[in-house]
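Following: one structure in structure tokens, then a few remarks.
The values are calculated or read from the model by the stated rules, or taken from the named source; none is laboratory data. These numbers come from a predicted model, not from an experiment. Don't worry about glycine lacking a Cβ; one is built from the backbone with ideal geometry, like all the others, and counts go over all protein chains shown.
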Amino acid sequence: MSWYKSYVLPVLSLKLKREVVWLDSLLFLFLFAIILQIGLIHSEPPTVQVRLLLVWLVLTLSMLLGLPRLFYQEWSSGILTYYQVVSRDLAPRINWYLLIWWMSFTLPLLLAIPALLWLLSIPGEFIGIVVALWLAASPAFLGVGAIGSALTLGLNSNALLICVLILPLYLPLMIVGAKLLLLATLGLDFSGPLYLLAAMSLLAVLFCPFAIRGALRCHL
């Protein structure tokens, strides 16, 4: 509890005050929904399946928006270098940091899902399904994306490099999530893909911090 009060809460409050990446992602979500609705005014609206798949795609892309700045502030201020020098095992600290980032960046996206589905005229019965999908998949997205962010830290045009590195690794998660949504729209059992995404997220939480630690040591 002392570690939570002395590290997690201060860093979380700092992220919410100084980092506006979560606001950029929210604007991206709602601009996407508004532009899509404007473009469909004089055309036949897509099916619920297509709209849900578009929501899944835009949620995935919104995750990419924050990755270039995931470690930048701590790296530029020297905090990461300090922790790597004085700490024998950096992996637990990386787990805490990723939890803080999830709370300050991914959680606002989660809270915006009901409004996003309402803007896209998706029935309210799918809100719980999309929320469960995002809860199960977002830790895996964050863990894999953090590896790309650590590898490209300090490089010019690192946002483009992150997309090149990470998007192929995101494809399995995106395919499983799309399968889940298709099963849900057909009224079939979607617990299998949901459990698979949760297992992927668990593996990411367990093993990604060690890969991130190795990537960050390249910038010492």
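Of all residues in the stretch 178-220, count the ones that are closer than 12 Å to residue 140 by Cα and in contact with a Ser or Thr (Cβ under 9 Å, 6 or more places away or on another chain). Of the residues in that region, 1 qualify.
Given the stretch 96-197, what helices (runs of 4 or more DSSP H) lie entirely inside it while holding 1 or more residues that are buried (at least 19 other Cβ atoms within 10 Å of the Cβ) and not aliphatic (A, V, I, L, M)? Before you say what the answer is, go through the steps one by one.
On the way: elements: 107-119, 127-151, 158-185.
Output list reads 127-151, 158-185.
Taking residue 88 as the residue in question, decide whether it is modelled with pLDDT of 65 or more and either charged (D, E, K, R) or not in a helix (DSSP H, G or I) (or both). Here the answer is no, as residue 88 does not meet what is asked.
Evaluate the following for residue 76: is it among the small types (Gly, Ala, Ser), modelled with pLDDT under 70 and either buried (at least 19 other Cβ atoms within 10 Å of the Cβ) or not in a loop (DSSP other than H, G, I, E, B) (or both)?
So residue 76 fits the description; yes.
Of the residues 138, 149, which is hydroxyl-bearing (Ser, Thr, Tyr), under 20 Å from residue 96 (Cβ atoms) and modelled with pLDDT of 90 or more? Before you say what the answer is, go through the steps one by one.
Numbers: 149 fails: modelled with pLDDT of 90 or more.
After ruling out the rest, the residue left standing is 138.
In the stretch 189-220, what count of residues is obtained for those that are modelled with pLDDT under 85 and of a type in the set (Gly, Ala, Ser)? Looking only at that region, the number is 3.
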